[in-house]
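**Student:** Attaching a single structure in structure tokens format; questions to follow.
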Amino acid sequence: MYSIGEISKLTGISAYTLRYYEKIGLLPNPYRLDGKHNGIRQYDDQNLRFIRFIYGLKQTGMKLKDITLFAEDGCLLIQNDQDIDDIQDILHKRIELLNKHVNLLEQQMKQLENVKNLAHEKRNLYSAILNEQTS
């Protein structure tokens, strides 16, 4: 089990932000030491993986509202007593959100590639001008 401070160090997300994500429903309420509402938050490895995934989505530009939609069903643990239709609905929703996000990332990558190519062209042009002047 990890404290909020340890999770913060492992993920690079401040404790303040973790509390905020919990408050807005992006993260599920963590287990509390001694079961108290104000008890010390405790996170397990599954929580850590989920927080890292959420942070990755945020770092790649996914909006908090989309991440919240993605996370609102909590961690998806397929259990025998869960309705298969509920699981399929959750999976379809998550696939749709991820497809939308991947498409956006691919567009951004193309734009960045174009900017990079233009920067290379300018650099080469400026280098050629300098070489002509020194010759």
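**Student:** Which of the residues spanning the range 42-72 are open to solvent by 50 Å² or more (accessible area, probe 1.4 Å) and more than 21 Å from residue 97 (Cα to Cα)?
**Tutor:** Across the range 42-72, the qualifying residues are 44, 45, 46.
**Student:** Another one. What's the total number of residues in the range 37-57 that are farther than 17 Å from residue 12 by Cα and at pLDDT 90 or above?
**Tutor:** Number of matching residues: 0.
**Student:** Moving to a separate point now. Show the residue pairs that are 6+ apart or on different chains and have beta-carbon atoms under 7 Å apart, the first residue being within the range 58-78 and under 19 Å from residue 17 (Cβ atoms) and modelled with pLDDT under 85, the second being open to solvent by less than 60 Å² (accessible area, probe 1.4 Å) and among the charged types (D, E, K, R).
**Tutor:** From the range 58-78, the pairs are 70/94.
**Student:** In the range 88-105, is there at least one residue being farther than 20 Å from residue 69 by Cβ, in a helix (DSSP H, G or I) and open to solvent by 80 Å² or more (accessible area, probe 1.4 Å)?
**Tutor:** Our first condition is that a residue be farther than 20 Å from residue 69 by Cβ; within the range 88-105, this holds for none.
Checked the range 88-105: no residue is farther than 20 Å from residue 69 by Cβ, in a helix (DSSP H, G or I) and open to solvent by 80 Å² or more (accessible area, probe 1.4 Å).
**Student:** Which of (1) among the hydroxyl-bearing types (Ser, Thr, Tyr); (2) open to solvent by 30 Å² or more (accessible area, probe 1.4 Å); (3) in contact (Cβ under 8 Å) with a residue 12 or more places away in the chain; (4) farther than 27 Å from residue 99 by Cα is the odd one out, the single condition residue 16 does not satisfy?
**Tutor:** Exception for residue 16: condition (3).
**Student:** Let me ask something additional. Is the range 117-126 home to any residue that is within 24 Å of residue 12 (Cα to Cα), small (Gly, Ala, Ser) and at pLDDT 85 or above?
**Tutor:** Within the range 117-126, none of the residues are within 24 Å of residue 12 (Cα to Cα), small (Gly, Ala, Ser) and at pLDDT 85 or above.
The values are calculated or read from the model by the stated rules, or taken from the named source; none is laboratory data. Quick caveat: nothing in here was measured; it's all calculated off a predicted structure. FYI the Cβ positions are ideal-geometry reconstructions off the backbone, even for glycines, and counts take in every protein chain you see. Calculation scope for accessible area: heavy atoms of the full protein, side chains included, ligands and nucleic acids excluded. Shrake-Rupley method; radii C 1.70, N 1.55, O 1.52, S 1.80 Å.
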